[in-house]
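The values are calculated or read from the model by the stated rules, or taken from the named source; none is laboratory data. The structure presented is a predicted model; accordingly, all values stated were derived computationally and were not measured. Cβ placement follows ideal geometry from the backbone for every residue including glycine, while neighbour counts extend to all protein chains displayed.
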Amino acid sequence: MGTLVRSVLVTGFPGRQAATHLVRELATHDERSVCCLVNESQQERALGLLDAIPEAVRDRVSLWVGDPRSMDLGLSGEEFAVLAERVEVIHHCASITDPAGTQEEAAGNVRAMAEVLEFAEAAPRLQRLVCWSSAMVSGNREGFVKETDLGDEAGFRNPIEESLYRMEKILGEAADELPIVVLRPALMVGDSATGEAEDLNGLYLLIRFLLSAPEDYRMPTPSRTGVRISAVPVDYAVRAALHIASDAGSIGRTFHIVDPKPVTVRHALQLFAEATGRPAPREHDPLNLATALMRAPGLQRFRNTTRAFLDHLNTDVIYDDRNTRELLADSGISCPALESYVDAMVARARQA
């Protein structure tokens with residue numbers, strides 16, 4: 001009998017930004033093989049991304065064509081059995097967290113969570129099921145949100161947020177039977193060092209808007225400039241996630257992966273204006289930021305995304321991260337300040 005291959009399963013590769021970074025980190029630093037559940041339409045792109053992994057470890061990554069939203073993850077019976085036998089850790093990153101996502105995509109999130117749980121139950125060597133949710137699961141709530149908080153009393157701003165809530169409720173029901181870890185990253189941006197980003201929505205909308213404006217344009221400010229924005233670079237989120245999930249003390253707990261010192265909307269706009277060479281934002285103007293963004297010709301085709309992002313800017317939340325701070329203590333892993341990577345964000349936006 002051959003030696004059993006010990007593996008980590010990653011869903012969401014290559015379409016989800018966190019999954020792409022996870023695969024690289026796991027291939028380079030983890031002793032297990034990496035199995036990527038890849039949609040058939042994404043195979044070519046996935047192979048292209050694997051070419052960027054160091055040749056010495058590239059063979060440790062394999063692609064399994066399937067879909068987490070489908071029965072048995074879209075795998076054949078034999079594939080399902082083989083994969084279940086070898087998987088020790090699951091990183092479920094396939095959930096759509098874009099607030100502009102559709103009702104169908106939201107339903108797919110919940111369906112995929114149920115299928116991943118069934119797979120986890122069939123995996124005899126499972127040590128961790130790590131679910132990548134989002135801090136946005138708090139929906140319309142404002143003020144201080146604990147990692148232990150999960151409720152629907154305040155309502156949700158969109159179907160995606162509600163689907164994340166339903167996913168976490170399902171996970172809670174299975175927590176007594178499975179070693180579950182829930183991660184809630186804040187608004188995720190590109191790599192803090194390289195600027196690499198999967199998409200250019202969220203905070204990038206503000207940068208793209210400034211880059212398309214005349215050099216003497218002064219961006220208006222929203223009505224609530226004191227709202228805090230907790231953005232995290234994807235490289236920090238992945239390093240933090242891997243360290244947290246490797247700790248036995250993470251099982252059964254939820255972790256906010258956020259900036260412990262979030263900037264205000266006002267400060268973020270000032271940083272973006274400076275980095276793009278535009279004048280400091282206007283503080284009082286009848287044409288507010290929402291109106292300016294929704295009218296911008298270059299952003300017309302992103303109206304739903306822009307509207308969802310503006311909803312985010314109007315919700316003032318402070319995310320408690322005591323669980324994360326506890327497990328990252330003495331690890332040397334910390335969230336970089338927005339000031340340190342804003343130039344990388346602007347450089348990536350310029351490429352687009």
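Residue count for segment 213-238, restricted to those that are under 17 Å from residue 278 (Cβ atoms), touching a Pro at 6+ places or on another chain (Cβ under 9 Å) and not hydroxyl-bearing (Ser, Thr, Tyr): 5.
Kindly check whether there is at least one residue in segment 11-31 that is out of contact with any Asp or Glu (no Cβ under 6 Å at 6 or more places or on another chain), surrounded by 17 or more Cβ atoms within 10 Å (Cβ to Cβ), outside any helix (DSSP H, G or I) and acidic (Asp, Glu). Checking segment 11-31: at least one residue is out of contact with any Asp or Glu (no Cβ under 6 Å at 6 or more places or on another chain), surrounded by 17 or more Cβ atoms within 10 Å (Cβ to Cβ), outside any helix (DSSP H, G or I) and acidic (Asp, Glu).
Taking residue 49, is it out of contact with any strand residue (DSSP E or B) (no Cβ under 9 Å at 6 or more places or on another chain), surrounded by 16 or more Cβ atoms within 10 Å (Cβ to Cβ) and not in a loop (DSSP other than H, G, I, E, B)? Can you show your working first?
Details: out of contact with any strand residue (DSSP E or B) (no Cβ under 9 Å at 6 or more places or on another chain): yes; surrounded by 16 or more Cβ atoms within 10 Å (Cβ to Cβ): yes; not in a loop (DSSP other than H, G, I, E, B): yes.
Yes; evaluated as a whole, the condition is true for this residue.
Residue under question is residue 79, and the condition is that it be of a type in the set (D, E, K, R), over 21 Å from residue 184 (Cα atoms) and either in contact with a Gly (Cβ under 8 Å, 6 or more places away or on another chain) or crowded, with 21+ Cβ neighbours inside 10 Å (or both); does it hold? So residue 79 passes the test.
Only one residue in 323, 288 is under 22 Å from residue 213 (Cβ atoms) and out of contact with any Leu (no Cβ under 9 Å at 6 or more places or on another chain). Which one?
288
Each residue in segment 124-140 was checked for being crowded, with 18+ Cβ neighbours inside 10 Å, in contact (Cβ under 8 Å) with a residue 40 or more places away in the chain, not polar (S, T, N, Q) and not in a strand (DSSP E or B), and 4 of them qualify.
Evaluating residue 151 against the criteria (1) modelled with pLDDT of 95 or more; (2) surrounded by fewer than 18 Cβ atoms within 10 Å (Cβ to Cβ); (3) farther than 23 Å from residue 242 by Cβ; (4) not aliphatic (A, V, I, L, M) leaves one unmet condition, (1). Is there a residue being touching a helix residue (DSSP H, G or I) at 6+ places or on another chain (Cβ under 8 Å), crowded, with 18+ Cβ neighbours inside 10 Å, in contact (Cβ under 8 Å) with a residue 60 or more places away in the chain and on the phi > 0 side of the Ramachandran plot anywhere in segment 202-213? Within segment 202-213, one or more residues are touching a helix residue (DSSP H, G or I) at 6+ places or on another chain (Cβ under 8 Å), crowded, with 18+ Cβ neighbours inside 10 Å, in contact (Cβ under 8 Å) with a residue 60 or more places away in the chain and on the phi > 0 side of the Ramachandran plot.
The number of residues in segment 154-172 that are over 15 Å from residue 132 (Cβ atoms) and polar (S, T, N, Q) comes to 1. Pairs are defined by a Cβ separation below 6 Å, a sequence spacing of at least 6 or placement on different chains, a first member in segment 250-262 that is farther than 15 Å from residue 239 by Cα, and a second member that is surrounded by fewer than 23 Cβ atoms within 10 Å (Cβ to Cβ) and charged (D, E, K, R); the pairs so defined are 254/147; 262/228. Screening segment 98-119 for residues that are at pLDDT 95 or above and either surrounded by 23 or more Cβ atoms within 10 Å (Cβ to Cβ) or touching a Gly at 6+ places or on another chain (Cβ under 7 Å) (or both) and picking the one that is nearest to residue 156 (Cα to Cα) gives 109. Residues that are surrounded by 24 or more Cβ atoms within 10 Å (Cβ to Cβ) and of a type in the set (Val, Ile, Thr) within segment 82-96 comprise 87, 89, 90, listed in sequence order.
Answer yes or no as to whether residue 68 is crowded, with 21+ Cβ neighbours inside 10 Å and either touching a residue at least 40 places away in the same chain (Cβ under 8 Å) or more than 18 Å from residue 191 (Cβ to Cβ) (or both).
The answer is yes for residue 68.
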